[in-house]
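The values are calculated or read from the model by the stated rules, or taken from the named source; none is laboratory data. Not measured: the values here are computed from a predicted model. Ideal geometry is used to build each Cβ from the backbone, glycine not excepted, and the neighbour counts take in all protein chains shown. In case anyone asks, the SASA skips ligands and DNA or RNA and just uses the protein heavy atoms, side chains included. Shrake-Rupley method; radii C 1.70, N 1.55, O 1.52, S 1.80 Å.
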Amino acid sequence: MSLESELRSERVSHLRLSGFTAVPAGTSVRDALGRMRSERNTVCLITKERSLTGIFTERDVLRKVVDVADVLDGPIDAVMTADPISVGPDASAASALGLMDKHHIRNLPVVDASGQVVGSMTHMAVIEWLAAHYPVEVLNRPYDPERFPRKAEGG
Amino acid sequence: MSETLTNEITLTRKDFVSDQTVRWCPGCGDYSILAQVQRVMPELGVEKEKIVFISGIGCSSRFPYYMDTYGIHSIHGRAPTLATGLAIANPDLNIWVVTGDGDGLSIGGNHLIHALRRNVNMKIILFNNRIYGLTKGQASPTSRVGKVTKSTPMGTIESPVNPISLALAAEATFVARSIDSNPQHLAEVLSKAAAHKGTAFVEVYQNCVIFNPDEWNALSDRTNRDEVTLNLEHGMPLIFGKDKDKGIRMRGFTPEVVSLADVSLDEILVHDATSKPLASILGSMENPEYPAPMGVIRDVRKPTYAAGIMEQIAQAKAKRGVGDLNKLYRNDDLWTVSAREENQSEMAGELPLTLDEEYLDELGRAAVETTPVQDQLTEENVSALNPKVPITVDAGSSLSRAIRQMNRHNIGCLIVTDEEDRLSGIFTERDVLMRVTGLVDDLAHAAIGDYMTPNPIALKADPPIAQALHLMSLHGFRHLPLVDEENRPTGVISFRDVVEYLNRSLA
Ligand SMILES: Cc1ncc(C[n+]2csc(CCOP(=O)(O)OP(=O)(O)O)c2C)c(N)n1
Ligand code: SF4
Ligand SMILES: [Mg+2]
């Protein structure tokens, strides 16, 4: 079975989605950054009347904020990506991964039928899925392979 | 600036990793438990010098060597006993007992029961692989009826002990269960245990890949585990299934699994970690008849043993004054033991350190069928991912220069090197978000060295892809530097590279 076929039978909602910071449109970039930092999230979703209107990620911070004058106190709307691509919770993990590859995006908001954002899919979800799926190969490895016992000896 | 930064930095997972070679078999579930304990430790906010790991005998009991804290590899089955003494002698300590199903339930069964009923302030992690691992595969008190092992060639005829039910019968104040193959769940349960005052008992289903490899297959299989696990959350209904479409309700005295399509939510049991009868019911629910309850089964507050003792000592002192230990010792019944001439020991010599035949047999057992994904993970090395050439800067570089460089190359990560071009740090877009933007006014006069992560974990000598995945999943890293023998950066891989590679090569 290939990775893709295994991921095809897995729904996005079954993956471990990442958390996100949610702010209303019009929030200042500075406030959004403060929230992202205190909530330890690397992605911020912008909503208007509860529906998703934009996304702002750590890459945007690097490209459009940190070294650019006069954006910090402006609205987040100016630096976000409007109308982001999203998927429903029932989409297959494989198709979500395909979308991320095709559009070169690293955060894919997962939005349910009522318009509520339930999480953000990242490559980390796939890594964690792989780790849990193949614990013997991935999870249960020595921390440092240089200190691998030459003789396995049950204890 | 660097000063305020160092103040913020407390202990990290790395601080709890000892320099000892881990001797568990590759693939053993003990690795996962160790990694999660090391992940949770920094969150306790306790100095390392106040933490002690005490174990008995067994593979699992090798645990204290691998933790960079105080540790005692003690006597078979007696870890709870030593821990009790320590908890009374120094109530400030943060004490963890690590035991196995053999260590804790065979030879140490009594010690465990009494530690639990005394509510000594300690955390007990029982690694349940349903086998004696260290002694190479004999039946343990948790082995299922009929289990064929080295000591039960025709299958065991003894009924297994259910560790959760045993702990509840011993009046344990905190009882929980988790599994090695679900690290996030395990970490959550361990944090909750850590927060408990009194004895916290955590059973962890653990895979012994050598002597009992199929024991937890159903519960570990990532695609199916939600169908067979009941995740407990205090105050929440007992609902499970991948699509949360099944629940538990009571029929008379017996819990039953029902489909939420047929039964209304009002009939579904709601978890209450303070209810003793409910805890007994949950403890008695065994897989495969029921989904395996996972999480905190019982959590109640009672006075701890040390507190009770201290109180009695204070009362006794108030009434009868401070005692005199010497006087007590010299009371009566004293005699002198005189030295006897001893023969010189004939035991001096060296232990034979040859490879164990029996063990080689186990390794030579018919190979388990592996999937192409598994082969790819363990047989292909990270060089196959085409690591990117690292963009390096020195620690004195200004933030403004570093950020320009990242944007020019359209990369999310810079490698910081020292005068001899050796890896000294890593600076990523996460640092730009978390530590720089809006916090540093003058980017041109701030040095990257003050904002980078120093001495990052790096991959050496082209390990298998699985090793890269391991570190990424363990630490949540998105980038991993590759270094040569001299610790000079030779490349960088990102988790996107790994996922893309697997996707491409397996399509
Ligand atoms: C007094 C004594 N009795 C018996 C033994 C042999 N012995 C060593 S470890 C062990 C059981 C280990 O089983 P468990 O606690 O489940 O640990 P595991 O290796 O499975 O992690 C036994 C019986 C011993 N070392 N000392
Ligand atoms: S014998 Fe089993 S329990 Fe012991 S280290 Fe090996 S895999 Fe782990
Ligand atoms: Mg065991």
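Quick notes on this one:
- Carbon/sulfur fraction of accessible area - chain B, other protein chains in place, 1.4 Å, %: 51
- Tensor-based shape of the stretch A:3-133 (alpha-carbon gyration tensor, a/c under 1.5 rounded, otherwise prolate or oblate): prolate
- Given charges at beta-carbon only (K, R positive; D, E negative), |dipole| of the stretch B:12-72 in Debye: 140
- If only the Cβ of Lys and Arg carry +1 and only the Cβ of Asp and Glu carry -1, the dipole of the stretch B:1-104 around its Cα centre is close to 320 debye.
- Rolling a 1.4 Å probe over the heavy atoms of the protein chains gives the stretch B:380-507 an accessible area of 40 Å² per residue.
- Zone of A:I85's modelled label, taken as backbone nitrogen in the stretch A:46-68 under 15 Å from a point 7 Å along Cα→Cβ: A:55
- Neighbouring partner chain Cβ atoms per residue of B:220-226, average, 10 Å criterion: 4
- Counting only alpha carbon atoms, the long axis of helix A:123-133 and the longest principal axis of chain A meet at about 30°.
- Around B:D441: net Lys/Arg minus Asp/Glu count, Cβ-Cβ under 15 Å: -3
- Inter-chain Cβ neighbour average for residues A:4-11, partner chain, 10 Å: 3
- The residues neighbouring B:R39, those whose beta-carbon lies less than 13 Å from its own, together hold a net charge of -1 under the Lys/Arg +1, Asp/Glu -1 convention.
- Accessible surface computed residue by residue for the stretch B:206-266, with neighbouring protein chains in place and a 1.4 Å probe, gives 50 Å² per residue.
- The separation of the stretch B:116-192 from the stretch B:29-55, counted between C-alpha centres, amounts to 19 Å.
- Applying the Karplus relation 6.51 cos²θ - 1.76 cosθ + 1.60 with θ = phi - 60° to the stretch B:333-339 yields 3J(HN,Hα) values of 6, 9, 8, 9, 9, 9, 5 Hz, where x marks Gly and Pro.
- Residue-averaged beta-carbon neighbours from other chains (10 angstrom radius) around A:120-130: 6
- Heavy-atom accessible surface that A and B bury in contact, both chains counted, 1.4 Å, Å² to 100: 6700
- Considering all different alpha carbon pairs of chain B, the Kirkwood hydrodynamic radius works out to 26.4 Å.
- Averaging the sequence gap over all C-alpha pairs within less than 8 Å and six or more residues apart, then dividing by the number of residues, gives chain B a relative contact order of 10 percent.
- Over 28 Å between alpha carbons, listed pairs B:K123/B:K150; B:K14/B:K197; A:K48/B:K192; B:K246/B:K302: B:K123/B:K150; A:K48/B:K192; B:K246/B:K302
- Burial ranking of peptide ranges B:465-477, B:151-163 (average Cβ count within 10 Å, highest at the top): B:465-477, B:151-163
- Based on Cα contacts under 8 Å between residues 6+ apart, the stretch A:3-133 shows a relative contact order of 31 percent.
- Degrees, to the nearest 10: B:183-195 long Cα axis against longest axis of chain B: 50
- Environment charge of A:N140, counting only residues whose C-beta is closer than 10 Å and scoring Lys/Arg +1, Asp/Glu -1: -2
- Between B:K244 and B:E379, the simple label model (points 7 Å from Cα in the Cβ direction) yields a spacing of 4.2 nm.
- Radius of gyration, Dmax [the stretch B:372-505; alpha carbons; angstrom]: 15.4, 52
- Each of A:R16 and B:M310 was given a label point 7 Å from its Cα along the Cα-to-Cβ line. The distance between the two points is 3.7 nm.
- Cα centroid of the stretch B:394-412 to Cα centroid of the stretch B:198-275, whole Å: 49
- Against chain A, whose longest principal axis comes from its Cα atoms, helix A:93-103 is set at around 50 degrees.
- Between B:R330 and B:I75, the modelled labels are 3.0 nm apart [label points 7 Å from Cα along Cα→Cβ].
- Our helix-only sum for chain A, with -39,500 (n - 2.57) per DSSP H run of n ≥ 4 divided by its residues, gives a mean residue ellipticity at 222 nm of -7500 deg cm²/dmol.
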